[in-house]
1. Has the range 187-199 got at least one residue that is part of a strand (DSSP E or B) and either on the phi < 0 side of the Ramachandran plot or at pLDDT below 95 (or both)?
2. For the range 254-267, what are the residues that are assigned to a loop (DSSP other than H, G, I, E, B) and at pLDDT below 95?
3. Does the range 131-146 contain at least one residue that is touching a Gly at 6+ places or on another chain (Cβ under 6 Å), in contact (Cβ under 8 Å) with a residue 24 or more places away in the chain, buried (at least 19 other Cβ atoms within 10 Å of the Cβ) and under 26 Å from ALA265 (Cβ atoms)?
4. Out of the strands (runs of 3 or more DSSP E) lying entirely within the range 28-106, which hold 2 or more residues that are buried (at least 18 other Cβ atoms within 10 Å of the Cβ) and of a type in the set (D, E, K, R)?
5. Determine whether the range 211-222 contains at least one residue that is among the aromatic types (Phe, Trp, Tyr) and more than 30 Å from SER331 (Cα to Cα).
6. Looking for whichever is free of Cβ contacts under 8 Å to residues at least 40 places away in the same chain and either under 20 Å from ALA153 (Cα atoms) or assigned to a loop (DSSP other than H, G, I, E, B) (or both) here; the options are ALA251, ALA241, ALA205. Which one fits?
7. Identify the residue in the range 105-134 that is among the charged types (D, E, K, R) and within 13 Å of the chain's Cα centre (by Cα) and, among all such residues, is farthest from ILE200 (Cα to Cα).
8. Kindly establish whether LEU326 is in a loop (DSSP other than H, G, I, E, B) and hydrophobic (A, V, I, L, M, F, W, C).
Amino acid sequence: MNGGPDSRYVRQIRFAPVGQEGQQRLGKGTVAVVGIGALGCVIASHLARSGIGELRLIDRDIVEWSNLQRQLLYDEEDAVQALPKAEAAANKLKRINSSIAIRAFAADLHAGNAASLLEGADLVLDGTDNFQTRYLLNDYAVRTGIPWIYGGAVGAGGMTMTVVPGETPCYRCLFPEPPSAGLTDTCETAGVLSPLVDVIGSLQAMEAIKWLTGNSSQLRPGLLQLDLWRNAWMPLDLAGAKRSACPCCAAGEFPFLEPTPDDTALLCGRDTVQIRPNRPLSLDLKALAARLSSLESGSFSLTPYSLRYIRDERISAVFFADARALIQGTSDAIKAKAIYADILG
């Protein structure tokens, strides 16, 4: 058989549990991948190549040089242009599979936009690097009854579990509250090895394929922990772990879906603070570029997705059309807010 469109999924269809019916179901499925970093790149690549119907890519960040070690959808040109990850990933995936719908959202998922970004998805996959978003995903999944697949990777160790509301324990059954800041390892403090994210992301993608092809009986039970450096695979049986006192899946409390006044976030792995307006706004990037061009100091570069303003050799700011900004070169939220206000007024 030649390598035309009709043969694209032939090897997958020949796997009996998928078959033609499973492939058709997969082709009608809609998946949202939240966080298109290391894990998200692996997940999105597998699902695009497998023939998912619609793939939504949601990420708030831009491509930087430190990403290239492990985030497999990006290249040096993406980093030079500082492209939003969602857009850069979408560009690559559209060249890999032009027959599926790929929608990119250069956005920070939060309580105010979760419904609009995730509505209609059959499944949500976690490629995030922060606990706040992860707990929001759990609240959204339990409230709407949509399954989600958790994954985390730091150093050479990671874990993953599949949450099916009403059937399995939810994330808060195991981890009732987010850990206090500074008490857990991050990619910044412990690093991360590229092969690890391949494994965790692939496990998440396989769970998604099982669910979407109608093979939910084959979903992996429990929580899987692994340490590739020590060659350790540690499945944790969660039978009986569904808590009758769980504030989320038992009591129906969803605090992470409630808007908060906090409009700053320190991004994992570098001196970058995100500033997000407390209410929906739009920013005319071309008009901002025109205004910045009149300044005697600093320089800027404009793309269809963002505007990067280099204030000095240490501080730069990347603005998006939703009036969100990444202030690079500082971890001080107060200083970042001041810079944001200086530029936008």
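The values are calculated or read from the model by the stated rules, or taken from the named source; none is laboratory data. The structure presented is a predicted model; accordingly, all values stated were derived computationally and were not measured. Please note: Cβ atoms are built from the backbone with ideal geometry, for glycine as well, and neighbour counts cover all protein chains shown.
1. Here is the first cut: in the range 187-199, the residues part of a strand (DSSP E or B) are 192.
Those still in the list that are either on the phi < 0 side of the Ramachandran plot or at pLDDT below 95 (or both) too: 192.
Yes: one or more hits.
2. Filtering the range 254-267 for residues assigned to a loop (DSSP other than H, G, I, E, B) gives 254, 258-263, 267.
Result: GLU258, PRO259, THR260, PRO261, ASP262, ASP263, LEU267.
3. As a first pass, look at the range 131-146 and keep what is touching a Gly at 6+ places or on another chain (Cβ under 6 Å): none.
No, the conditions are met nowhere in the range 131-146.
4. Numbers: elements: 30-34, 54-59, 101-106.
Per the criteria, 54-59.
5. Keep residues of the range 211-222 that are among the aromatic types (Phe, Trp, Tyr), which gives 211.
Of the ones still in play, those that are also more than 30 Å from SER331 (Cα to Cα) are 211.
Checked against the condition, which is being among the aromatic types (Phe, Trp, Tyr) and more than 30 Å from SER331 (Cα to Cα), the range 211-222 yields at least one hit.
6. Numbers: ALA241 fails: free of Cβ contacts under 8 Å to residues at least 40 places away in the same chain; ALA205 fails: free of Cβ contacts under 8 Å to residues at least 40 places away in the same chain.
After ruling out the rest, the residue left standing is ALA251.
7. Residues of the range 105-134 that are among the charged types (D, E, K, R), as a first pass: 108, 119, 122, 126, 129, 134.
From what's left, within 13 Å of the chain's Cα centre (by Cα): 108, 126, 129, 134.
Numbers: ASP108: 23, ASP126: 11, ASP129: 13, ARG134: 16 Å.
It comes out as ASP108.
8. Working: in a loop (DSSP other than H, G, I, E, B): no; hydrophobic (A, V, I, L, M, F, W, C): yes.
Judged against the criteria, LEU326 is not a match.
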